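Have a look at the structure below before the remarks.
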Amino acid sequence: MLQTIEDLSIGVWVRESPSIFAYTLVLSLHAIGLAIVLGLNALIALRLLGVAPAIPLSALRSFYGTIWFGFAINAISGGMLFIASATNMGTMSVFWIKMAAVATGMILSLRLKSKFLDDPTATAGGAVPAGARSMAKWSLAVWFFALIAGRMTGYPELITRWFGI
Amino acid sequence: MHSISTALTWPWMQEFVNTYGWLWPLFEVVHYTGMSLVVGVVIGLDLRILGLYKAIPIGAFKPLVNLAILGFILNLIGGIVFVTGTNTGAEFYVENLSFQCKVVAMAIAIANLLIFRFSGLEHRVYAVPAGGIAPGSAKTVAWISLVSWTAVIIFGRLLMYNDTLLYFLGL
């Protein structure tokens, strides 16, 4: 099945075209998208943990439009990258760990939004609710883990050597 | 070019990186972390200057700029490890068009930030309250910032695919 995916014409194009708009552009977009998603999630988390306290808590939800934009870039570019090397990525344990981490990160981020950032009474005061601080720490940890897992998709042999997976 | 490459090749770093296989991926993770910090702050501040996230007084971003500088320093450290420690010697980077373009883009981004800081524009921008509009010249600075940092990321990613860039440019 993975071979069939990899043989799709879009996969062939991304993988084999010498054009800068194929593999290299898709890779670049993936780096840009991840910087947006991670960077803005980190910004929100850091604010909840007390950095840059002059940013109104009620304003943090306005970053989510941009986060979704970055996520969309990465979903599309990631999909194309996966198709282009489905037999490699599809059988790689650290790739699936990364996907789980990204999913967890997004769920956590959206929960943070719906439970606190969208709640006008919670964000009205200056104080950050304890639950929001805890979620912010988890957000930083999960996204950092996703970053590491993502980078390690370039070193599957190291992952096998160290963890046997 | 050759003397720059020689000066930037540090045998002790090459040995260090060769001995510990986890060092290169570790510093790549450091590099991406620094990048995310820089981009997060750059997007926040620049897009605010350009009119998004209006509920935030622009001065609120000030403490984050120091965080972005920390991110940049992290990346500089990682970059030094890569350039001085790569197996084939620093010429792999120094003679790589993508790397050269990345350095130029970084120089533009930094010069832009320094002009923002030392021209006094920074003061006017940080004084803009919630709902307020940033001065026109600040918007130019914000655009240059967004474009140059995006270029840094793109050229950084193209490093390993320099042939593709050369092919695109007909070189």
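Points worth noting:
- Net charge dipole size for the protein assembly as shown [Lys, Arg +1 and Asp, Glu -1 on Cβ; Debye, nearest 20]: 1240
- Neighbours of residue B:59 by Cβ distance under 11 Å: Lys/Arg scored +1, Asp/Glu scored -1, total +2.
- Relative contact order for chain B, counting Cα pairs under 8 Å that sit 6 or more residues apart, in percent: 32
- Averaged over the residues of peptide A:52-65, the number of Cβ atoms from other protein chains lying within 10 Å of each residue's Cβ is 5.
- Within 10 Å of the Cβ of each residue in A:153-161, the mean number of Cβ atoms contributed by other protein chains is 2.
- Sorting A:2-14, A:134-146 by their mean Cβ neighbour count within 10 Å, with the most densely packed peptide first, gives A:134-146, A:2-14.
- When the Cα positions of A:106, A:127, B:24 are compared along the charge dipole of the protein assembly as shown, A:127 comes out farthest toward the positive end, with charges on each C-beta of Lys, Arg, Asp and Glu.
- Size of electric dipole in the range B:2-168: Cβ of Lys, Arg +1 and of Asp, Glu -1, about Cα centre, debye, nearest 20: 800
- Neighbours of residue A:66, meaning other residues whose beta-carbon lies under 14 angstrom from its beta-carbon, give a summed charge of +3 when Lys and Arg score +1 and Asp and Glu score -1.
- Using alpha carbons only, the radius of gyration of chain B set against its Kirkwood radius gives Rg/Rh = 1.05.
- Spatially proximal aspartates and glutamates relative to residue B:139 (Cα-Cα < 19 Å; intrachain offsets below 8 disregarded): B:46, B:122
- Among the listed pairs A:98/B:54; A:113/A:137; A:113/B:62; A:113/B:54, those beyond 26 Å (Cα-Cα): A:98/B:54
- In this Cβ point-charge picture (+1 for Lys and Arg, -1 for Asp and Glu), the range A:2-163 has a dipole of about 580 debye about its Cα centre.
- Using alpha-carbon coordinates, inclination of helix B:97-118 to the longest axis of chain B, degrees: 30
- Kirkwood Rh and Cα Rg combined as Rg/Rh, the protein assembly as shown: 0.98
- Crossing angle, helix A:130-152 versus chain A [Cα axis fit, 0-90 degrees, rounded to tens]: 20
- Span from the the range B:98-161 Cα centroid across to the the range A:1-79 one, whole angstrom: 20
- Based on C-alpha pairs under 8 angstrom that are at least 6 apart in sequence, the range A:9-158 has a relative contact order of 32 percent.
Values in this text are rule-based calculations from the coordinates and carry no lab data. For clarity, every value in this text was computed on a predicted model and none was experimentally measured. Please note: Cβ atoms are built from the backbone with ideal geometry, for glycine as well, and neighbour counts cover all protein chains shown.
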